[in-house]
Amino acid sequence: MQIRYHEVTLKIKKRCILHDKFNPMKATIQALQKKEIQDLPISYSFADSDFARICLASTPKGLCSVSLVMGSDSQAIDNLKNKFPGAILNATTKPEHAEFLKALAKESVSLNFHLVGTPFQLDVWNALLNIPLGGTTTYGALASEIGKPKAFRAVGSAVGDNPIFYAIPCHRVLPASGGVGNYYWGPEIKKALLNWEQAI
């Protein structure tokens, strides 16, 4: 499936850290231990957005994965099976799936995430939630925020491992040297997200 994205040009200032923007999302992260995955019920559904088709998955405690569908829906389901081996997958839409889609309409939402990650990764993902809509930060600033200013490379890896597209806003982290930097879903999607958010 071809990824759809807005044709945009993005101009970003170095170290553009904005704290006066509106953040309409409230979210909490709970740790999901790997040993808990066996026989864990996970509901999944698909939805289309302006950026791409999305696969959403959740446990009874919250969203555990939101990803772009880069191929077929069946491939996305296989990816979920690989990510959560031994879990029981059900094609079911949950209220939190609809709540996530409200975020893509810039509406106020409240989300719970149930995520597999190391304590360091969870710290980074929690810090990402503090970046407001329309704002950006740098890897170095994010490292300082979690109290590990020299760990910016490890922070970059944790940002890249973020399992929740958009709602945990790893796309708002930019290199201090300028430009948009790397993004799991590609730089064009990252540029489109940032431009779309800054048009508020």
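Could you pull out every residue, at least 5 positions away or on a different chain, whose amide H is within less than 5 Å of the one on S65? Hs are placed 1.01 Å off N in the peptide plane, and Pro or chain starts have none.
Those qualifying (amide H under 5 Å, at least 5 residues apart or on another chain) are A57.
Using DSSP, restrict attention to beta bridges with both residues in the chain and report what percent are antiparallel, rounded to the nearest 5.
45
Can you figure out the FRET efficiency of N130 with K81, using R₀ = 35 Å and their beta-carbon distance, to the nearest 0.05?
0.60
What is the angle, in °, between the Cα long axis of helix 187-198 and the longest principal axis of the Cα atoms in the chain? Nearest 10 is fine, range 0 to 90.
70
Taking neighbour Cβ counts within 10 Å as the exposure measure, how do W125, W185, W196 sort from fewest upward?
W196, W185, W125
Short version: ³J(HN,Hα) in whole Hz for each residue of the range 71-84, in order, from phi by Karplus 6.51 cos²θ - 1.76 cosθ + 1.60 (θ = phi - 60°), x for Gly and Pro, what are they?
x, 8, 4, 5, 5, 5, 5, 4, 4, 5, 4, 5, 6, 10
Under the rule of at least 5 residues apart or a separate chain, name every residue whose amide H is placed under 5 Å from the amide H of S49.
I54
Quick one: in the chain, what % of C-alpha pairs are over 22 Å apart?
47
Short version: ³J(HN,Hα) in whole Hz for each residue of the range 90-103, in order, from phi by Karplus 6.51 cos²θ - 1.76 cosθ + 1.60 (θ = phi - 60°), x for Gly and Pro, what are they?
Computed from phi, the couplings for the range 90-103 are 10, 7, 9, 7, 10, x, 5, 5, 5, 5, 4, 5, 5, 4 Hz.
5 Å is the cut-off here: which amide hydrogens, built 1.01 Å from N in the peptide plane, fall below it relative to L133, excluding neighbours closer than 5 in sequence?
The answer is N23.
Taken together, the values in this text are just the output of simple stated rules run on the coordinates, not laboratory data. Please read all numbers here as calculations on a predicted model, not as lab measurements. In this analysis, Cβ positions are derived from the backbone assuming ideal geometry, glycine residues included, and neighbour counts consider all displayed protein chains.
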